[in-house]
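One structure below.
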């Protein structure tokens, strides 16, 4: 008898489109496991820097990434643990995203983290948030979403988030960083940022987080017969 893998719902797209909020909300509602794949690259970049490993030291970088003990929780806005230590605040810094984009362009590192990501696929199911979840990591996903929004809208959202946290930041520099990261992510040779052919594309510019959640929940109900509301 063939072993049936647990279902996966993927949520891809660039940063600032609301995919993290949606993924976390769905994982909580369905009580499924949660994978923030972007955080894995951020954790690798931060951990390597702390360990004195240069981003050009590919073999050491891959060995470090393969040995990390990472856990994601759906409690408290998605707590992230590295080797048992809470590192969520560090991971979510703007500079961590820029570093992650650098290491994510390395084919060897992406290969090293591929199986790590697939190992998060556990019963009863997995919500996977990232940039290549539906195209590379889980091409057989039961349902795929791809969230979009203009760079200007995403910069504005990020600006409000950081200002509310008391972080002094420039809207212009945020927009510049987002545009540079989009360019890097969409033009890299391995797993470039793009929607899967069978993805449901959701433009979130004029939608609230609640409206995006309702839309996704409705599509999940229609496609999988699962009540996510």
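Take residue 112 and tell me if it is more than 23 Å from residue 21 (Cα to Cα) and free of Cβ contacts under 8 Å to residues at least 60 places away in the same chain.
Details: more than 23 Å from residue 21 (Cα to Cα): yes; free of Cβ contacts under 8 Å to residues at least 60 places away in the same chain: yes.
So residue 112 passes the test.
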Quiz item: On the given criteria, is residue 203 in contact with a strand residue (DSSP E or B) (Cβ under 7 Å, 6 or more places away or on another chain) and surrounded by fewer than 16 Cβ atoms within 10 Å (Cβ to Cβ)?
Solution: yes
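Tally up the residues in region 143-163 that are in a helix (DSSP H, G or I) and either at pLDDT below 90 or in contact with a helix residue (DSSP H, G or I) (Cβ under 6 Å, 6 or more places away or on another chain) (or both), please.
7
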Self-check item: Top-ranked residue of region 120-136 - restricted to ones that are touching a strand residue (DSSP E or B) at 6+ places or on another chain (Cβ under 7 Å) and outside any loop (DSSP other than H, G, I, E, B), ranked as surrounded by the fewest Cβ atoms within 10 Å (Cβ to Cβ)
Solution: 126
Exercise. Given the conditions (1) surrounded by 15 or more Cβ atoms within 10 Å (Cβ to Cβ); (2) at pLDDT 85 or above, report the number of the one that residue 74 does not fulfil.
Key: (2)
Practice problem: Could you please give the count of residues in region 1-14 that are surrounded by fewer than 24 Cβ atoms within 10 Å (Cβ to Cβ) and either assigned to a strand (DSSP E or B) or modelled with pLDDT under 90 (or both)? | Solution: 4
Quiz item: For region 170-184, what are the residues that are surrounded by 15 or more Cβ atoms within 10 Å (Cβ to Cβ) and either in contact with a helix residue (DSSP H, G or I) (Cβ under 6 Å, 6 or more places away or on another chain) or more than 30 Å from residue 108 (Cα to Cα) (or both)?
Solution: 171, 174, 175, 178, 181, 184
Quiz prompt | Lone qualifier among 35, 26, 40 - being in a strand (DSSP E or B), at pLDDT 90 or above, surrounded by 16 or more Cβ atoms within 10 Å (Cβ to Cβ) and touching a helix residue (DSSP H, G or I) at 6+ places or on another chain (Cβ under 7 Å) | solution = 35
Quiz item: With (1) at pLDDT 85 or above; (2) under 24 Å from residue 167 (Cα atoms); (3) within 13 Å of the chain's Cα centre (by Cα) as the list, and residue 101 as the residue in question, which single condition is left unmet?
Solution: (1)
Quiz prompt | residue 110, sole failed condition from (1) part of a loop (DSSP other than H, G, I, E, B); (2) in contact with a helix residue (DSSP H, G or I) (Cβ under 8 Å, 6 or more places away or on another chain) | solution = (1)
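The values are calculated or read from the model by the stated rules, or taken from the named source; none is laboratory data. Model, not experiment: these values are computed from the prediction. When we count neighbours, we look across all protein chains shown, and the Cβ atoms used for this are built from the backbone with ideal geometry, even at glycine.
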